[in-house]
1. Let me have the relative contact order for segment 26-107, percent, based on Cα pairs under 8 Å that are six or more residues apart.
2. Just to check I understand the Karplus step: with θ = phi - 60° and J = 6.51 cos²θ - 1.76 cosθ + 1.60, what whole-Hz values come out for segment 95-104, glycine and proline as x?
3. Rounded to the nearest 5, what % of DSSP beta bridges with both residues in segment 24-132 are antiparallel?
4. Taking N as the number of residues in segment 24-132, what is its alpha-carbon radius of gyration divided by 2.2 N^0.38 Å?
Amino acid sequence: MKRNFLSLFALLMAALMLIACKGKTIKISADDNGSSLSMKPGETLLISIDGNPTTGYTWEVDSVDENILQLLGEPDYSTDFRLRPGMTGVGGTYKFKFTAVSAGATTLKLKYWRTFEPDNPPIETFEVTINVQ
């Protein structure tokens with residue numbers, strides 16, 4: 001009985017340590033354009049930024065040092081149709097998720113542009129400096 005209790009206790013402690021080591025999520029938006037922030041390896045960065053792909057424009061990563069900060073999957077886009085019932089062509093929110101992988105500094109740049117017009121400059125940009133320590 002005592003041995004089962006110790007095994008269960010050790011398993012519980014290991015699970016708690018894994019949860020604690022997961023790292024926090026830092027959330028930023030267009031209001032943070034031009035800012036700097038610090039992260040630790042293992043932490044997640046979530047950027048939420050408004051856009052409207054029905055206009056042909058889309059947000060994309062323009063540049064980042066992937067040895068320091070890595071994009072996790074593709075950006076997610078969503079529109080809350082409950083707030084705009086029956087409306088098509090309305091904008092929504094792009095969400096980019098990154099993880100800090102190693103120490104260093106990088107500038108993360110996003111651009112809002114039409115991919116089918118590569119010679120035209122983006123109509124909007126977003127930039128933050130990330131320091132991973």
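1. 41 percent
2. Those phi angles translate into 10, 10, 10, 10, 10, 7, 9, 7, 5, x Hz.
3. Bridges in segment 24-132 are about 75 percent antiparallel.
4. Relative to the rule-of-thumb radius for its length, segment 24-132 sits at 1.12.
Readers should treat all values here as calculations from the given coordinates under stated rules, not as data from a laboratory. Bear in mind that the values here come from a model prediction, so they are computed numbers and not experimental data.
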